[in-house]
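Take a look at the structure set out below.
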Amino acid sequence: PRVLVQEEPSSWKSTLSTDVYCALSRHYGPTEMDRQELIYALFTSEQAFVKSARRVVRTILLPLRARDSHAWLPGLPADVARLFDWLEDIVNLHGAVAHALSTVTAIWRTGSIVQRLAGTLKGFVPQFEMYMPYLAKYEGVRDAVRWHAEQDGGEFGEYLRMREREREEGSWSLERLFEEPAVRLRGYLDIFQV
């Protein structure tokens, strides 16, 4: 049997019938149509980020935790463990943002527009402070993890190499998970400058 892969529509406009889009455009004008496209881009990119990041957390980070615990297994370097904690918190924050966006954008299914987004997102702003220790430390820890993956003959190095060999094509590597939250923050600047 053939498996059909359903791709996300590339734009908000493409999710609507031509008649609905034209009626909305006449009523709200081109600036609002552009705003809806930006909201759609934020929504879909947030979902994609969370999906990819959660896969790395699930396949690489969580197996390094003690069973039924938030404690890391012995032998995991302390700086790496802290970064893994921060990354997991960041992914969970983005999961909450994606869920909130999903709730707000559900109105699109009725042929209407998202009118109030700022209030929903404003509540998350203070939580983004959790990025601060990650931003301060991730490059150094990334380099240490890279060293473990390339040169460490111990269990942690072997674990990283094994996970990289088993990584599914198209899925993020651990190193990419280190980079993507910073990329995500920079992407917000582009989205919110309108």
| field | Selection status of residue 94, open to solvent by 30 Å² or more (accessible area, probe 1.4 Å), on the phi < 0 side of the Ramachandran plot, out of contact with any Lys or Arg (no Cβ under 6 Å at 6 or more places or on another chain) and not in a strand (DSSP E or B) | value | no
Residue 94 fails exactly one of (1) farther than 15 Å from residue 46 by Cβ; (2) touching a residue at least 40 places away in the same chain (Cβ under 8 Å), namely (1)
Checked pairs for segment 125-144, first farther than 27 Å from residue 157 by Cα, second of a type in the set (Val, Ile, Thr), C-beta under 7 Å and 6 or more apart or across chains, list as 130/90
Looking across segment 150-169 at residues that are outside any helix (DSSP H, G or I) and not charged (D, E, K, R), the single one that is farthest from residue 78 (Cα to Cα) is 153
Scanning segment 79-91 for residues that are crowded, with 17+ Cβ neighbours inside 10 Å and either in contact (Cβ under 8 Å) with a residue 40 or more places away in the chain or not in a helix (DSSP H, G or I) (or both) gives 80, 83, 86, 87, 90, 91
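Looking at segment 38-46, can you tell me whether even one residue there is among the small types (Gly, Ala, Ser) and over 20 Å from residue 193 (Cα atoms)?
No, the conditions are met nowhere in segment 38-46.
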Being in a loop (DSSP other than H, G, I, E, B) and modelled with pLDDT of 90 or more narrows 172, 147 down to just 172
Note on segment 157-184: residues within 16 Å of residue 87 (Cβ to Cβ) and either open to solvent by less than 30 Å² (accessible area, probe 1.4 Å) or of a type in the set (A, V, I, L, M) (or both) are 160, 171, 172, 173, 174, 177, 178, 181, 182, 183, 184
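Filter segment 62-77 for residues that are touching a strand residue (DSSP E or B) at 6+ places or on another chain (Cβ under 9 Å) and hydrophobic (A, V, I, L, M, F, W, C); which is nearest to residue 165 (Cα to Cα)? So that I can check it myself, show each step before the final result.
Taking segment 62-77 first, the residues touching a strand residue (DSSP E or B) at 6+ places or on another chain (Cβ under 9 Å) are 64-66, 71-73.
Now drop any that are not hydrophobic (A, V, I, L, M, F, W, C), which leaves 64, 66, 71-73.
Values: 64: 17, 66: 23, 71: 26, 72: 22, 73: 21 Å.
Applying the filter and picking the extreme gives 64.
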Next on the checklist: Suppose the filter is more than 21 Å from the chain's Cα centre (by Cα) and surrounded by fewer than 13 Cβ atoms within 10 Å (Cβ to Cβ); does residue 74 pass it?
Outcome noted: yes
Evaluate segment 106-116: report whether one residue or more is assigned to a helix (DSSP H, G or I) and more than 25 Å from residue 93 (Cβ to Cβ).
-> yes
The condition of being open to solvent by less than 40 Å² (accessible area, probe 1.4 Å) and assigned to a loop (DSSP other than H, G, I, E, B) holds, among 11, 52, 25, only for 11
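The values are calculated or read from the model by the stated rules, or taken from the named source; none is laboratory data. None of these values were measured; they are calculated from a predicted model. Note that we place each Cβ from the backbone using ideal geometry, even for glycine, and neighbour counts take in every protein chain shown. Surface areas here come from the heavy atoms of the whole protein model, side chains and all, with no ligands, DNA or RNA. Shrake-Rupley method; radii C 1.70, N 1.55, O 1.52, S 1.80 Å.
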